[in-house]
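Where a number appears in this text, it was derived from the coordinates with a stated rule and is not lab data. Everything quoted here is computed from the prediction, not taken from an experiment. Positions of Cβ are generated from backbone atoms using ideal geometry, with glycine treated the same way; all protein chains shown enter the neighbour counts.
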């Protein structure tokens, strides 16, 4: 960091600035107590507190993640249910083909092709500079549209594939046979009985998908120049801005743990049988 | 048994499976002898032919320094798929070994190893990959290391639960009472029974690892520049996406096709092993 001028006093000052003159365990304890007080340090390059940078970036990532989750659920779940109900039909085959392609296509490639497609066919390309939804909602939606679509393509396929498998195994259960024998309407069997019983795996899967989206944003944000959490981590690594990387990673892990915890809580809420 | 299995796959009426087998053969050919199909050099620069769209001379067009893309994409097959296969093999070997020992011996060692593995598991795969390759710097060796670390927990868990399940079987008890040592029982008797599970996990994880490999290449964290790699070609094409879309189209299609082929194979295996 000092380059060619190897001035020993400057080196000493730098070492004490980064706390490198302290033993490792002291350094760790200082860091840990700061973290517990909500202080993740300052960025070495931008001088701003890391917590502030994370908060800024996270607002972008949250918007992308929630929109993606919404679209993936709205598209993926009905597709999966339909494919499961009509197992073996042509409709099922078409939905399965969609699932396979969605799961095999790299998300950033889908993003690139969407960029090409929209500009070639519609002559439209998203604005370059990011604007927050509170400043200019239309422009904000324009810029997050393609990233959300490319992420949602994969996740909708994953959702649909998963729901299909759940639906098929659920429809083979005895209580469904009993419901059919009882003469219930198919719509009641599918939506009142089968769908309710696959809610638990569905919620678990939603948690998994949210965590996956969080990972996917790293790539997609760098492609579409969105100032989100993924780009913060990536630029932190490229610029060796370790407080930022450390803080952002800790944050991602905490978020992942929180998602899993919320999923566990939701089980109990959905299925009273687990309240023991 | 292998031949008979593939024969059955073809006879099976599902078109996705026939396509998968055909694709697997094509990729095997491309890996074994790329020179047979692509005669031009994937590395030689030809600046006067830069950014030419697909034509009879250059089927896939040329990139920004005039290299033949057809040749680059074909030659990249061996590198990209080879890196993924190698990394996953290391991951499977180390992960399964640790998992087998951990699950078979139990106790403190099992606790310790499991917690260590959980640490890796808290990170979304792509983020862990970005951090490892980002800090170590780009390069094929670091890429392989990152991929194998990221997928280690999956193999560990499968092998561990497999070993635990086998441990309570009568044949293990019989071997113990005959006086065989623990290493002999574990590696000669238990391991062969867990191996199919590990192989299946390998096939299932392959398309996922491929996506991560491509994503890291796309972020500029993959193999060093002149080497052809699908992710790296996509990274190069990103800057010319609106003027020279063909640079990005082909590597993405190859990624999609190979992930598709392996995914369908994995599902066929799963279905067959599930039934038998």
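Here are some notes:
- The largest-to-smallest principal axis extents of the Cα set in segment A:167-276 are 67, 35, 17 Å.
- Relative intensity, log₁₀ I(q)/I(0), of segment A:229-276 from a Debye sum that treats every alpha carbon as a point, q = 0.13, 0.26, 0.33 Å⁻¹: -0.46, -0.85, -1.05
- Relative contact order [Cα under 8 Å, 6+ residues apart], chain B, whole percent: 23 percent
- In plain terms, if you count all Cα to Cα distances in segment A:199-259 and split them into 10 Å steps from zero, the share in each step is 23, 45, 24, 7, 1 percent.
- Per residue of A:253-263, other chain Cβ atoms within 10 Å of the residue Cβ number 1 on average.
- Shielding score for B:236-245, defined as the mean number of other chain Cβ atoms within 10 Å: 3
- Highest-fluctuation residue, B:102, B:41, B:91 considered, GNM on chain B with Cα pairs under 10 Å: B:41
- Computed from Cα atoms alone, the Kirkwood hydrodynamic radius reported for segment A:42-143 is 17.1 Å.
- Highest-fluctuation residue, B:64, B:141, B:118 considered, GNM on chain B with Cα pairs under 10 Å: B:118
- Gyration tensor (Cα) of segment B:154-194, equivalent ellipsoid semi-axes in angstrom: 19, 10, 7
- Sorted from longest to shortest, the spans of the Cα atoms of segment A:75-234 along the three principal axes equal 60, 30, 27 Å.
- Shown here is the pair-distance distribution of the protein assembly as shown: with all Cα-Cα distances grouped in 10 Å bins from zero up to the longest one, the shares run 3, 14, 24, 26, 19, 9, 3, 0, 0 percent.
- Relative contact order [Cα under 8 Å, 6+ residues apart], chain A, whole percent: 24 percent
- Rg/Rg_globular for chain B, with Rg_globular taken as 2.2 N^0.38 Å and Rg from C-alpha atoms: 1.17
- Ratio of Rg to Rh over segment A:89-167 (Cα coordinates, Kirkwood Rh, two decimals): 1.10
- Just so you know, the Rg over Rh for segment B:222-276 is 1.24, from Cα atoms, with Rh as the Kirkwood radius.
- Its residue count N fixes a reference of 2.2 N^0.38 Å for segment B:99-140, and the Cα radius of gyration divided by that reference is 1.54.
- Segment B:180-276 - Debye-derived log10 I(q)/I(0), Cα point model, q = 0.23 Å⁻¹: -1.08
- Ranking of B:156, A:70 by count of other Cβ atoms within 10 Å, fewest first: A:70, B:156
- Shielding by partners, peptide A:109-118 (average Cβ within 10 angstrom, other chains): 5
- Chain B: most fluctuating residue of B:150, B:264, B:26 per GNM, C-alpha cutoff 10 Å: B:26
- Neighbour counting of Cβ atoms within 10 Å sorts the residues B:59, B:246, B:230, fewest neighbours leading, into B:59, B:246, B:230.
- The translational diffusion coefficient of segment B:38-188, from Stokes-Einstein at 25 °C and 0.890 mPa s with a Kirkwood hydrodynamic radius over alpha carbon pairs, comes to 131 µm²/s.
- Crossing angle, helix A:50-85 versus chain A [Cα axis fit, 0-90 degrees, rounded to tens]: 20 degrees
- Whole-number percent relative contact order across segment A:10-132, with pairs defined as alpha carbons under 8 Å at least 6 apart: 9 percent
- Calculated mean residue ellipticity at 222 nm for chain A: -24000 deg cm²/dmol, from DSSP H runs with n ≥ 4 weighted as -39500 (n - 2.57), summed, divided by the residue count and rounded to 500.
- Debye equation applied to the C-alpha atoms of segment A:122-208, log10 I(q)/I(0) at 0.20 Å⁻¹: -0.91
- With Cα atoms, 0 to 90° folded angle of helix B:15-32 axis to chain B main axis: 70 degrees
- Overall size of chain A from C-alpha positions, given as principal axis extents largest first: 87, 57, 33 Å.
- Between 0 and 90 degrees, the angle of helix B:140-167 with respect to the longest Cα principal axis of chain B falls at about 30 degrees.
- Order of A:142, B:166 - criterion: other Cβ atoms within 10 Å of each residue's Cβ, fewest first: A:142, B:166
- Entry note, chain B: the mean residue ellipticity at 222 nm calculated from DSSP H runs of n ≥ 4, each adding -39500 (n - 2.57), is -24500 deg cm²/dmol after division by the residues and rounding to the nearest 500.
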